[in-house]
Each structure stands twice: as structure tokens, then as C-alpha cells.
Amino acid sequence: MSASTPATVRRWVVRGTATAVAVVVAAGAVTAAHAIGTGSTPGRPAGQTVTPVAADAQRVCAGNALRLSDDAGNDATKASPVGSATVATATTGDSVERSDLGGDDSGSSDPRLLTAPAGSTTPQVAGSSYQSVSDGDLVGVGAASCDDPAQSTWLVGGSTETGRTSLITLSNPTDVNATVDLAIYDGSGTVSAPGTTGIVVAPRSQKVVPLSGFVSDQGSTVVHVESSGGQIVAHMQETVVRTLTPGGFDIVSGGAAPSTSQIIPGVVLEGADAAQRGDDTADAAPVVRLFVPGAAAARVTLGITTADGGGSTVNATAEPGIVTDVTLDDFPDGRYSLTISSTVPVVAGARTTTPTQDDATDLGWFASAEPLGDDVVTAVAPGDGAELTLVNPTRTDADVTISSGDEERKVSVVSGATVTVPAPTAKQLTITGAAGLVAGVTYQNDDGIAGFPIRPSTAVSTPVRVYP
């Protein structure tokens with residue numbers, strides 16, 4: 001038996017190899033027939049170009065300022081809008097339709113849904129909102145980008161300390177339920193609390209979720225919003241009252257996804273030292289907020305630059321799973337761009353505070369921005385002191401054109417530099433030549449400070465060749 005076994009094995013291997021060769025030869029013949037064809041039928045690859053059906057383009061704006069009560073100060077469990085935000089829109093299509101999303105028992109900021117109807121192709125749509133408000137304890141200015149619905153959003157900002165109210169708005173512009181999970185982090189680590197998962201947001205509606213329902217007396221928070229089913233547009237509003245004095249409000253726009261490189265364009269510093277005088281001003285200091293979602297600590301270098309070429313660097317360490325605030329001390333007034341280089345992926349945002357009238361203060365949250373494409377449309381909501389900041393992190397100089405109608409401005413942004421120019425408001429802007437650059441809009445006026453990142457164009461489906 002042992003003598004015959006090797007021969008059996010050898011015969012099996014030979015037969016198997018022969019069969020494999022036959023199959024390969026047959027397959028090659030078929031392939032050759034398709035590739036070469038015959039004399040009467042020229043060969044060509046079998047396939048068909050499929051063009052996706054054009055779809056409407058949509059973005060959702062943050063809505064109006066919110067407070068946890070009605071006009072009479074009752075029903076402190078429901079968010080009520082205060083005043084009205086102004087929205088500017090832009091599109092590559094024929095028009096932009098505006099509609100409202102509904103609310104539920106949690107209240108609503110009355111978010112605005114922007115829709116650009118499809119033509120022969122899917123258009124682009126963009127927008128932003130700005131609001132100045134002075135109503136009781138709610139005083140200051142807020143601005144936000146109108147954003148694409150997404151399954152993942154990082155909100156870097158917020159506080160639940162005494163006198164601080166942070167409200168997360170979850171807007172679902174789709175026609176199906178969205179189920180949302182909130183991963184919340186603070187200066188101690190991951191927040192474990194009931195109710196953070198399985199939050200259902202009905203179709204074409206908004207739900208307002210107070211951050212204090214999950215974490216209390218924490219000055220530094222980061223929230224990761226994830227949804228399944230319908231996609232979500234998430235923002236956060238923070239309102240501050242310092243003892244009995246209004247401390248401002250702002251809207252936190254979603255920042256860039258975790259990365260080893262983050263850029264926050266156009267951070268406004270104005271009267272930071274004066275804003276820290278008096279009682280209850282520990283959180284008035286300007287900071288860069290960092291969070292490491294991974295398991296390893298981050299060694300971080302903050303590059304801080306201005307449009308006139310000035311700048312410096314700050315080194316810091318951020319432990320994993322813990323929110324870290326890096327204080328920006330002794331910087332003169334101005335607009336700064338922050339470039340964050342990290343050894344591991346991080347998310348980042350910046351907060352500053354400025355004095356306003358009647359011994360009050362206002363705060364501004366500035367989100368990290370994503371790289372732009374070569375061509376993007378946007379619109380800047382009307383507000384005093386609006387400026388556009390461009391940052392070039394690439395290795396090549398960029399010649400950028402900012403156009404609106406017949407008006408055109410050319411801006412040279414050399415490699416590694418920051419440029420700040422006045423931002424035309426209430427107009428559709430087209431920015432070309434900005435591939436790889438990041439941009440943001442900031443406001444600075446007597447009522448306060450605010451800002452938001454310029455969003456890149458929405459990715460749309462393109463024709464694809466399908467082969468059987």
C-alpha cells in the first residue's frame with residue numbers, strides 16, 4: 001500500500017494539471033475571440049456606459065438661536081427659537097428652493113432645508129447663516145455653514161458647567177427615520193450615560209438634544225454623531241451666562257474627520273485679555289480643543305500664522321480618549337490660522353472670547369476645514385466684518401479667483417501661507433484654483449465674533465463603464 005500511494009498521487013497531480021491547462025486554454029480562446037473578433041466582426045470590449053440619474057442637491061442650515069424655555073420662561077425641557085438667522089445661498093443649478101424642517105417635543109431651531117432641483121446633471125448647492133441676537137441672557141452673534149447630510153459628524157466644542165448650555169441639533173432631511181448614536185467625551189474620558197444611543201429622528205424633522213442630559217459640570221466636551229437609516233446634519237449651540245452677565249452664544253459646525261493634519265482657518269482674537277477679567281471667566285481664555293479617538297497619545301505641533309506672515313508654534317500632548325484644551329496665551333489681536341500636525345489622528349476646534357457692549361462678552365467657535373476642490377460655489381450670509389481666509393498647506397503656490405457675477409478678485413496664496421480678504425456677503429461666490437486649500441469665513445463686529453468653514457463641493461456620481 002505504501003509503495004503504490006506515491007504513484008497514485010503523481011497520476012492525480014498530472015491529471016489535475018492537464019485539466020487546469022485545458023481550462024486556461026479554453027478561457028484564453030474565449031478572451032481572444034472577444035478581443036480579436038473575426039474578419040467580418042471587429043473585436044471590441046463588451047461593456048456599457050451607465051449614467052446615473054441626476055438627483056436634487058440638498059444642504060441643511062443650522063437655524064435660529066435657541067433657549068431652553070418658551071418666551072415666558074416656562075417649559076425648561078423644550079428648546080425655543082429666539083430671533084431669526086439670515087441665510088445666503090448659492091447653486092450651480094437654476095434655483096435654490098427653501099423649506100422648513102419640522103420639530104418634535106424637544107423643540108426646533110427652525111432649520112432651513114436648501115434644495116437645488118436636478119437638471120440634466122446633479123447641481124451643487126451651498127449656503128451659510130448668520131444671526132445677531134440680544135434677548136435677555138442670550139446675547140451675541142452666531143454663524144454656521146449649511147451642510148451635507150452625513151452619517152458621521154464631529155462636533156468639537158461645548159460645555160455643561162454652571163451657566164453654560166450646549167444643545168445638539170439633529171436634522172434629518174431624508175424621507176426615512178434616522179437612528180442616531182452620540183459618543184460623548186470630556187476631560188475625564190468617555191461619557192457613559194443612558195439615552196445616548198438609538199435616538200430616532202423622524203423624516204424631514206429636527207430633534208434638539210441638551211448635552212447636559214448626559215454629562216454635567218464639564219467644561220470641555222467633544223461629540224461624535226453617527227446615524228443609520230436617514231443621514232443627519234448636526235450642529236451644536238453653546239450659550240454662556242457669566243454669573244448674571246451674558247457671555248455670548250455661537251454655533252459649532254462639524255469639523256473635519258480625524259486626521260494627522262487639521263487646519264482651522266481664520267480664528268479671531270479680539271480683546272482676549274479684557275474678556276478674562278472679572279468673575280466666572282476661566283473659560284474665556286482662547287483655546288485649541290483636541291481629541292484623540294485612537295489608543296495612542298498624540299504629540300501635537302500647533303502652527304499659528306497670520307496673513308502678514310507672522311506666526312509661531314506651540315507644542316502639546318493629547319492623551320487618547322480625553323478632551324484636551326491647549327491655551328493660546330499672549331497673542332495680539334488679529335485673525336489667525338491654526339495648522340495642527342499630530343503623530344496620530346485627532347479632531348480639533350478653537351474657541352475665543354471677546355468683550356462686547358455693556359460689559360458683556362461673546363464667544364466664537366471655529367471648526368477645522370476640509371480641503372477644497374479646484375472649483376467650489378459658496379455664499380456668505382450678511383454680517384458686519386465678514387472676511388474670507390484661505391490657507392495653502394500644499395507644496396505649490398495657488399492663484400485663486402473669487403468671482404461673483406461680473407466682479408472678480410484674484411488672490412495669490414503661496415505654499416504654506418495664509419491670506420485674508422474681505423468677503424462679499426449675500427452673493428453667490430465661485431472660488432476657482434483652490435484645489436487642496438482650506439478656507440473659512442469669520443465675522444468681527446461690535447456685537448461679537450463668529451465663523452464657519454467653507455465646505456467643498458458635494459461629491460456626485462459620474463458615468464461608469466460596466467463590463468459583464
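The values are calculated or read from the model by the stated rules, or taken from the named source; none is laboratory data. Here the structure is a predicted model, which means the values were calculated and not measured. With ideal geometry, Cβ positions are generated from the backbone for all residues, glycine too; neighbour counts draw on all protein chains shown.
Summary table
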| read-out | value |
| --- | --- |
| Selection count, region 232-241, where residues are out of contact with any Phe, Trp or Tyr (no Cβ under 6 Å at 6 or more places or on another chain), within 22 Å of Ser132 (Cα to Cα) and surrounded by 24 or more Cβ atoms within 10 Å (Cβ to Cβ) | 6 |
| Any hit, region 60-69, residues being surrounded by 14 or more Cβ atoms within 10 Å (Cβ to Cβ), part of a strand (DSSP E or B), modelled with pLDDT of 95 or more and not small (Gly, Ala, Ser) | yes |
| Members of region 242-256 found to be surrounded by 21 or more Cβ atoms within 10 Å (Cβ to Cβ) and polar (S, T, N, Q), listed by number | Ser253 |
| Asp325 acidic (Asp, Glu), assigned to a strand (DSSP E or B) and closer than 22 Å to Thr153 by Cα | yes |
| Qualifying residues in region 74-112 (those that are under 17 Å from Gly383 (Cβ atoms) and of a type in the set (S, T, N, Q)) - the one surrounded by the most Cβ atoms within 10 Å (Cβ to Cβ) | Thr89 |
| Members of region 395-415 that are more than 23 Å from Thr92 (Cβ to Cβ) and either free of Cβ contacts under 8 Å to residues at least 24 places away in the same chain or surrounded by fewer than 16 Cβ atoms within 10 Å (Cβ to Cβ) (or both) | Arg395, Thr396, Asp397, Ser412, Val414, Ser415 |
| Filtered residue count, region 412-468, keeping only those that are hydroxyl-bearing (Ser, Thr, Tyr), part of a loop (DSSP other than H, G, I, E, B) and more than 30 Å from Gln58 (Cβ to Cβ) | 2 |
| Filtered residues of region 329-343 (kept if surrounded by fewer than 21 Cβ atoms within 10 Å (Cβ to Cβ) and either touching a Phe, Trp or Tyr at 6+ places or on another chain (Cβ under 9 Å) or closer than 13 Å to Val300 by Cβ (or both)) | Ser341, Thr343 |
| Filter result (touching a residue at least 40 places away in the same chain (Cβ under 8 Å) and either among the polar types (S, T, N, Q) or surrounded by fewer than 20 Cβ atoms within 10 Å (Cβ to Cβ) (or both)) within region 288-306 | Pro293, Gly294, Ala296, Ala297, Arg299, Thr301, Thr305, Thr306 |
| Pairs with Cβ under 7 Å, 6+ apart, first in region 426-437 and farther than 19 Å from Val87 by Cα and in contact (Cβ under 8 Å) with a residue 60 or more places away in the chain, second polar (S, T, N, Q) and part of a loop (DSSP other than H, G, I, E, B) | Gly436/Thr394; Leu437/Asn392 |
| Matching residues, region 97-118, being in a loop (DSSP other than H, G, I, E, B) and touching a residue at least 40 places away in the same chain (Cβ under 8 Å) | Leu101, Gly103, Ser106, Ser108, Ser109, Asp110, Pro111, Pro117, Ala118 |
| Filtered residues of region 256-296 (kept if within 30 Å of Gly436 (Cβ to Cβ) and of a type in the set (Asp, Glu)) | Glu270 |
| Candidates Ala307, Ala296, filtered to the one that is small (Gly, Ala, Ser), closer than 26 Å to Ser152 by Cβ and not in a strand (DSSP E or B) | Ala296 |
| Hits in region 178-192 (condition: surrounded by 12 or more Cβ atoms within 10 Å (Cβ to Cβ) and over 22 Å from the mean Cα position of the chain (by Cα)) | Gly187, Ser188, Gly189, Val191 |
| Residue list for region 109-123, filter: touching an Asp or Glu at 6+ places or on another chain (Cβ under 9 Å) and closer than 16 Å to Arg204 by Cβ | Asp110, Pro111, Arg112, Leu113, Leu114, Thr115 |
| Verdict on Ala144 being surrounded by fewer than 24 Cβ atoms within 10 Å (Cβ to Cβ) and among the hydrophobic types (A, V, I, L, M, F, W, C) | no |
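Okay, residues lined up against (1) in a strand (DSSP E or B); (2) under 21 Å from Thr86 (Cα atoms):
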{"site": "Ser120", "(1), (2)": "no, no"}
{"site": "Gly127", "(1), (2)": "yes, yes"}
{"site": "Ala144", "(1), (2)": "yes, yes"}
{"site": "Trp154", "(1), (2)": "yes, no"}
{"site": "Glu161", "(1), (2)": "no, no"}
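Yes/no matrix, rows are residues, columns are (1) without any contact (Cβ under 8 Å) to a residue 12 or more places away in the chain; (2) crowded, with 20+ Cβ neighbours inside 10 Å; (3) closer than 30 Å to Ser192 by Cα:
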| site | (1), (2), (3) |
| --- | --- |
| Pro258 | no, no, yes |
| Val268 | no, yes, no |
| Ala274 | no, no, no |
| Gly321 | no, no, yes |
| Pro345 | no, no, yes |
| Thr361 | no, yes, no |
